Each structure stands twice: as C-alpha cells, then as structure tokens.
Amino acid sequence: MKDAYSLDRDERGLDEQYSTLYKAYFKIFARCGLPAIAVAADVGIMGGSMAHEFMYLTPIGEDTILICDNCGYTANRQVARFRKPIPEAEEQRPGERVPTPGTSTIQTLAGTLQVPESSTAKAVFLVATVEGSERFVLAVVRGDMELGETKLANALGASGLRPARPEEVRAVGAEPGYGSPLGVEGAIVVVDDTIPASPNLVAGANEEGFHFLNVNYGRDFEADILADIAAARDGSLCPECGDAMRAVRGVEAGNIFKLGTRYSEVLGASFLDADGKRKPVVMGSYGIGLGRLLACIAEEHHDENGLVWPISVAPYHVHIVAAETGEMADGLYERLVSAGVEVLYDDRRESLGAKFKDADLIGAPIRLILTPRSLQRGGVEIKARRGSEGFVVPIEETVAAVRGEISDLEAEILLRVGSA
C-alpha cells in the first residue's frame with residue numbers, strides 16, 4: 001500500500017484534508033492512465049465517519065457498484081441506499097396458518113400461493129460476532145429484496161457474520177426454509193425498514209411445510225433493531241433523484257477514510273490546544289493498493305499481443321529491437337541512456353520475430369527498430385506501441401526524435417490529469 005495520514009486539530013481541518021486528498025487521488029489515477037471513479041463506501045474495520053473507494057470499472061471486478069447516470073449518485077452495493085417501493089396501505093387481516101409443502105424458497109412460495117414476492121417476508125438466519133461474543137441473528141427483509149450483510153453488520157455493530165447451522169436455527173424455535181420471527185426466542189431480530197409499511201405478509205410458521213398468511217409488524221412480531229438492511233441491485237431507484245440505477249463491477253484501487261479520533265483516543269495521541277486543553281488528534285487515512293493499481297493498469301492498457309504501458313508508469317520508455325548487436329546498436333543505447341531515457345535493449349541472440357513478439361508482450365511505449373531494412377530506409381524506425389505505423393529517422397537524430405515522442409505522450413497524460 002501507498003499510505004498517507006492526516007493529523008488535524010478539529011473536524012474542519014479533517015474535512016479540508018479529506019477534500020484535498022480526494023481531488024489528488026483523481027489526479028494520481030489520471031496520471032497512471034486509469035479512469036477511476038469515487039464511490040461512497042463502508043468504513044469497515046477501519047472505522048470512522050466516512051469513506052470513499054476509488055474504483056476501476058471492469059466486468060472482472062470483485063465489487064458491485066450502483067451508479068445513477070441522471071444525478072451522479074454512486075456507492076458500493078455494500079452501503080448503497082435506494083428508494084424502496086412501498087405497497088398501498090390496507091386493513092390488517094386475521095392471521096391464518098396454511099399448508100405450503102415444498103415451498104422452502106420465496107420463489108416457490110409465491111408461485112404456490114399466487115402472491116407477489118413483495119407480499120412475503122424472507123427470514124435469514126446468521127450468527128454475528130458482537131463485542132467478542134457470538135449472537136444468533138434473525139434478519140427479515142421483504143421477499144422481493146435481498147439482505148445486505150454489510151448493512152446488517154453495521155446495524156448490529158458486528159465484527160463478523162456467518163450462516164447459522166440448522167441445529168442453531170432449530171435451537172431458537174425456528175425452522176430452516178420455513179422461518180420467521182414468530183415464536184422465536186433467544187435471537188436478535190433485525191428487520192428492514194420496509195417491513196412495518198408492508199401489511200399482511202406471508203411468513204414462515206417455523207414448521208416444515210407451513211406458513212402464516214397476513215402477518216403484520218407490530219401486531220405479530222417486533223424488531224430489536226429496525227434499520228435499512230436491504231441490498232440495492234441493478235434497476236433499484238436512486239435515493240437522490242428516483243431514476244433507475246445500474247449495477248456495474250469494479251476493482252478497488254484506493255480508499256480514503258475519515259477516522260476522526262477513534263485511534264488517537266485509544267493511543268493517547270493528543271495535543272495542547274490554544275485554549276490550554278488537551279484534545280485528541282483528528283485523523284484521516286488514505287491508501288492506494290500498488291499491486292491492485294498495477295493490475296488495473298494492465299487490464300485497461302493492453303491488446304491481443306500484450307501490454308501497452310502509459311508513458312507515465314512504463315518501466316521503460318523505449319525498447320530497442322536490433323537485428324544484431326554491435327557498435328551501432330550499442331552506441332544508440334548509450335546515447336539514449338546518457339540523455340536520461342529509460343531504455344530496454346534486447347541484445348539476445350534470438351530471431352527478430354521472437355524479439356518483436358516479446359516487445360509486444362512487454363509493451364514499452366516506444367520501440368526503436370534497427371535492422372538492415374530500416375537502415376536501407378534511412379536509419380532507425382520509431383514506432384509507438386499503440387500505433388500501427390512507424391517512421392524512420394537518421395541515427396544521429398534518434399535521441400531528439402525519441403525525446404519528442406516522449407514529450408507528446410507526456411502531454412497527453414498531463415492533459416488528462418488537468419481535467420481530472
């Protein structure tokens with residue numbers, strides 16, 4: 001990791017530092033040739049009051065990001081908010097226990113009873129680690145929604161979650177596949193905030209093959225914790241403007257956190273303020289994963305033949321491919337190095353075909369080709385890795401021509417940084 005920390009006297013100072021690093025990270029990623037976006041994120045084990053992740057969007061990413069193209073709202077699915085459809089109000093009807101054999105999933109239950117999935121209650125059984133102890137948790141979301149485990153963990157203040165085993169489920173009076181909060185004892189019941197506004201739901205009877213109709217929050221069960229624990233997904237409505245959001249995959253390349261005084265208070269990191277009082281330092285944390293950054297650059301800048309390095313992060317500016325080593329090729333290498341150009345010189349006794357193939361694979365931005373054919377054409381062929389056509393310059397003009405190519409490539413990068 002490339003780590004940075006800010007130490008301030010108050011929250012206002014942290015806000016300024018956070019904003020500065022937020023903008024700087026966009027410029028860093030732009031200079032690396034990486035189109036990153038910032039998304040609201042879970043603070044996770046780092047803690048604090050706010051976090052953003054810098055994401056490179058790619059179908060092979062490990063995270064799901066919700067994006068609203070209308071207003072620009074973006075968030076990791078772990079914490080993404082969304083507007084939840086609320087059913088029309090109706091009178092509470094009497095509960096009724098009905099046989100529902102073979103309906104251990106919401107899909108089969110809704111199909112058997114001919115009701116929409118939004119009229120069902122989904123129970124999820126987990127074991128949470130809270131303050132070092134394991135607690136049985138029964139989470140309830142509407143059947144047309146999915147449980148967001150990060151949201152649930154945050155609501156519980158849990159450091160970890162795991163699926164409950166069948167024997168653990170039955171120990172609290174519930175039944176796997178047919179569960180609900182009805183009659184359950186010894187569990188922390190966490191209910192999504194849509195449930196109180198969703199009348200007459202179908203919920204498990206905690207008996208295999210049976211469900212209850214017309215289950216209502218407040219009358220039939222209550223929550224220990226009522227919170228937003230449902231996960232957004234593709235098509236969910238934006239919490240800011242109400243437009244449908246799209247879900248995309250991404251790789252986290254960097255993150256920033258407002259840590260506040262969480263660590264400074266524990267470690268006794270304090271300062272004497274102007275009023276003569278000792279106060280804890282207000283901290284921020286900022287990191288870029290160098291290995292992840294490298295992988296993302298490779299994913300963004302490649303073709304069917306290999307890597308295509310941006311000049312700003314390329315391990316070498318120039319790759320010399322010569323038909324054979326000798327005074328001419330050696331001299332060209334030495335003049336470029338003396339001019340401050342980073343050069344990879346392929347002096348192996350391999351065929352030109354093998355050298356060209358490896359040059360494509362390695363992906364240095366500029367290739368210098370020194371062969372009998374290039375000499376017949378007037379000197380050294382200069383070819384950009386991402387271009388299709390090269391041009392020939394006399395050997396004595398090569399250093400100046402390479403410098404010009406490097407300057408042009410760097411100008412493109414700076415233009416991108418300036419717009420970040």
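The values are calculated or read from the model by the stated rules, or taken from the named source; none is laboratory data. Keep in mind the model is a prediction, meaning the values are calculated, not measured. Glycine gets a Cβ as well: all are built from the backbone with ideal geometry, and neighbour counts include every protein chain shown.
Taking into account only those residues within the range 349-392 that are charged (D, E, K, R) and either in the same structural domain as residue 32 (by TED's automatic domain parsing) or over 42 Å from the mean Cα position of the chain (by Cα) (or both), which is surrounded by the most Cβ atoms within 10 Å (Cβ to Cβ)?
381
Give the number of residues within the range 37-86 that are part of a strand (DSSP E or B), touching a Ser or Thr at 6+ places or on another chain (Cβ under 9 Å) and more than 23 Å from residue 27 (Cβ to Cβ).
Residues in the range 37-86 being part of a strand (DSSP E or B), touching a Ser or Thr at 6+ places or on another chain (Cβ under 9 Å) and more than 23 Å from residue 27 (Cβ to Cβ): 2 in total.
For the range 211-247, enumerate the residues that are surrounded by fewer than 20 Cβ atoms within 10 Å (Cβ to Cβ), out of contact with any Asp or Glu (no Cβ under 9 Å at 6 or more places or on another chain) and outside any loop (DSSP other than H, G, I, E, B).
225
Condition (residue is aromatic (Phe, Trp, Tyr), surrounded by 19 or more Cβ atoms within 10 Å (Cβ to Cβ) and in contact with a helix residue (DSSP H, G or I) (Cβ under 6 Å, 6 or more places away or on another chain)) applied to the range 65-76: is it met by at least one residue?
Scanning the range 65-76 turns up no residue that is aromatic (Phe, Trp, Tyr), surrounded by 19 or more Cβ atoms within 10 Å (Cβ to Cβ) and in contact with a helix residue (DSSP H, G or I) (Cβ under 6 Å, 6 or more places away or on another chain).
All but one of (1) crowded, with 18+ Cβ neighbours inside 10 Å; (2) in contact with a helix residue (DSSP H, G or I) (Cβ under 8 Å, 6 or more places away or on another chain) hold for residue 399; state the number of the condition that does not hold.
Every condition holds for residue 399 apart from (1).
Within the range 76-107, work out how many residues are free of Cβ contacts under 8 Å to residues at least 40 places away in the same chain and within 12 Å of the chain's Cα centre (by Cα).
1
Can you confirm whether the range 170-187 contains a residue that is touching a residue at least 60 places away in the same chain (Cβ under 8 Å), out of contact with any Phe, Trp or Tyr (no Cβ under 9 Å at 6 or more places or on another chain) and among the hydroxyl-bearing types (Ser, Thr, Tyr)?
no
Can you tell me which residue among 271, 257 is of a type in the set (Phe, Trp, Tyr) and either crowded, with 16+ Cβ neighbours inside 10 Å or closer than 30 Å to residue 84 by Cβ (or both)?
After ruling out the rest, the residue left standing is 257.
Cβ-Cβ distance below 8 Å, separation of 6 or more or different chains: which pairs start in the range 264-280 with a residue that is at pLDDT below 95 and end on one that is in a loop (DSSP other than H, G, I, E, B) and of a type outside the set (Phe, Trp, Tyr)?
273/9
Evaluate the following for residue 143: is it modelled with pLDDT under 95 and assigned by TED's automatic domain parsing to the domain that holds residue 213?
Considered against the rule, which asks whether it is modelled with pLDDT under 95 and assigned by TED's automatic domain parsing to the domain that holds residue 213, residue 143 comes out as no.
Please go through (1) farther than 25 Å from residue 300 by Cβ; (2) acidic (Asp, Glu); (3) out of contact with any Gly (no Cβ under 7 Å at 6 or more places or on another chain) for residue 381 and return the number of the only condition it doesn't satisfy.
Here residue 381 clears every test but (3).
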